[in-house]
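The values are calculated or read from the model by the stated rules, or taken from the named source; none is laboratory data. This structure is a prediction, so every number in the text was calculated from the model and none was measured. FYI the Cβ positions are ideal-geometry reconstructions off the backbone, even for glycines, and counts take in every protein chain you see. Calculation scope for accessible area: heavy atoms of the full protein, side chains included, ligands and nucleic acids excluded. Shrake-Rupley method; radii C 1.70, N 1.55, O 1.52, S 1.80 Å.
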Amino acid sequence: MALSDNTRGAALMALSMAGFTFNDALTKSVTDEMTVGQIMFVRGALTTMMVYLVARRLGALDHIRNLFQPLILCRIALETIAAITFLTALGQIPLANASAILQSLPLAVTLGAALFFREPVGWRRWTAIGVGFIGVMIIIQPGPEGFTLAALYVVISVITAAGRDLVTKKIDPNVSSFTVTLFTAASISFAGLLLIPVYGGWRPISLGAYGTMIVASGFLFVGYQSIIMAMRTGEISFIAPFRYISLIWAVLLGFVFFGELPTPATLLGASIVIASGLYTFYRENKRKARVAASAGPTTPA
């Protein structure tokens, strides 16, 4: 039986979240040895090679001129900022905390779609967005004792990642997903190279760290390719809830590899964010159902 676009998009989103979270855990394990610039450069270069070899094998590479499409350039810039801010935070806060804040990304995407694409958002979804961001505040605990700059970096990463997802949806569908992934990975690697002097120069890297980066790059490749295909395959309102799978992976990996347990505030805030996100998707599906019903054929009396 053939799968619908939404079902394939949801499966790709779930796969993407697993890839990104495993990559995050592996990357976090080397943050004491490698700077943010080194991680971006090495991991980005390895991912670029993987994407290029696979895309060339499949004959899925487009012409280099596609790089200069405004939307692709915009996506690359947003992805680069998201990577810098998230990697900066990853070495300073527990994996589950960072992932919990990232759960607000679907709410940020809904907000961005309303503000920039004029997608209709009713008062119920506006309320859910507001409640969701209260959940984020509970997680980061703003105040002299609870707030950390690293949490703010994750919030900035959420904002830029939301812009990235919205831009991805508008990229010409004739441009190969492999091409978008390749340009993104190469650009992030180049940005990391430029950041190495900013972070104090090149540090010696052990063979173990290089091995970890190779595995992390494989997971990052899976995450990149899957999320681009997901955003271009299904409806955002249907596939976005599957992002929340990443929190399950983050809690599990954080405990197994780093001995981290989420605090009660993190669990409470994450629950509020996820509940708010799920409600916005529910309202969006109801709205689309009403629109489809009103546009459908009517039976004459």
Of all residues in the stretch 24-56, count the ones that are out of contact with any Gly (no Cβ under 6 Å at 6 or more places or on another chain), in contact (Cβ under 8 Å) with a residue 24 or more places away in the chain and part of a helix (DSSP H, G or I).
19
Residues of the stretch 175-191 being polar (S, T, N, Q) and outside any helix (DSSP H, G or I), in sequence order, are 176
Output the residues belonging to the stretch 84-110 that are outside any helix (DSSP H, G or I) and over 17 Å from residue 137 (Cα atoms).
91, 92
Can you find a residue that is open to solvent by 40 Å² or more (accessible area, probe 1.4 Å) and either among the polar types (S, T, N, Q) or not in a helix (DSSP H, G or I) (or both) anywhere in the stretch 209-227?
no
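Which of the residues belonging to the stretch 19-61 are among the small types (Gly, Ala, Ser) and open to solvent by 50 Å² or more (accessible area, probe 1.4 Å)? Break it down stepwise before answering.
The initial filter retains those residues of the stretch 19-61 that are among the small types (Gly, Ala, Ser), namely 19, 25, 29, 37, 44-45, 55, 59-60.
Result: 29, 59.
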Can you find a residue that is part of a helix (DSSP H, G or I), among the aromatic types (Phe, Trp, Tyr) and buried (at least 18 other Cβ atoms within 10 Å of the Cβ) anywhere in the stretch 115-127?
no
Going through 266, 233 one at a time, which residue ends up being open to solvent by less than 30 Å² (accessible area, probe 1.4 Å) and not small (Gly, Ala, Ser)?
266
Among the candidates 134, 101, single out the residue that is open to solvent by 60 Å² or more (accessible area, probe 1.4 Å) and within 22 Å of residue 273 (Cβ to Cβ).
134
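Each row is one residue, and each column tells you yes or no for (1) open to solvent by 20 Å² or more (accessible area, probe 1.4 Å); (2) of a type in the set (Phe, Trp, Tyr).
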position: 158; (1), (2): no, no
position: 162; (1), (2): no, no
position: 165; (1), (2): no, no
position: 172; (1), (2): yes, no
position: 186; (1), (2): yes, no
position: 190; (1), (2): yes, yes
So, of the residues in the stretch 62-72 that are exposed (fewer than 14 other Cβ atoms within 10 Å of the Cβ) and in a helix (DSSP H, G or I), which turns out to be nearest to the chain's Cα centre (by Cα)?
70
Quick test of your reading of the structure: residue 201 fulfils all but one of (1) over 21 Å from the mean Cα position of the chain (by Cα); (2) closer than 30 Å to residue 282 by Cα. Name the failing condition by number.
(2)
Hey, residue 238 open to solvent by 50 Å² or more (accessible area, probe 1.4 Å) and at pLDDT 85 or above or not
no
Give the residue, chosen from 98, 114, 128, that is of a type in the set (Gly, Ala, Ser), in contact (Cβ under 8 Å) with a residue 60 or more places away in the chain and more than 30 Å from residue 34 (Cα to Cα).
128
Going by the conditions given, is residue 194 modelled with pLDDT of 90 or more, assigned to a helix (DSSP H, G or I), touching a helix residue (DSSP H, G or I) at 6+ places or on another chain (Cβ under 8 Å) and open to solvent by 30 Å² or more (accessible area, probe 1.4 Å)?
yes
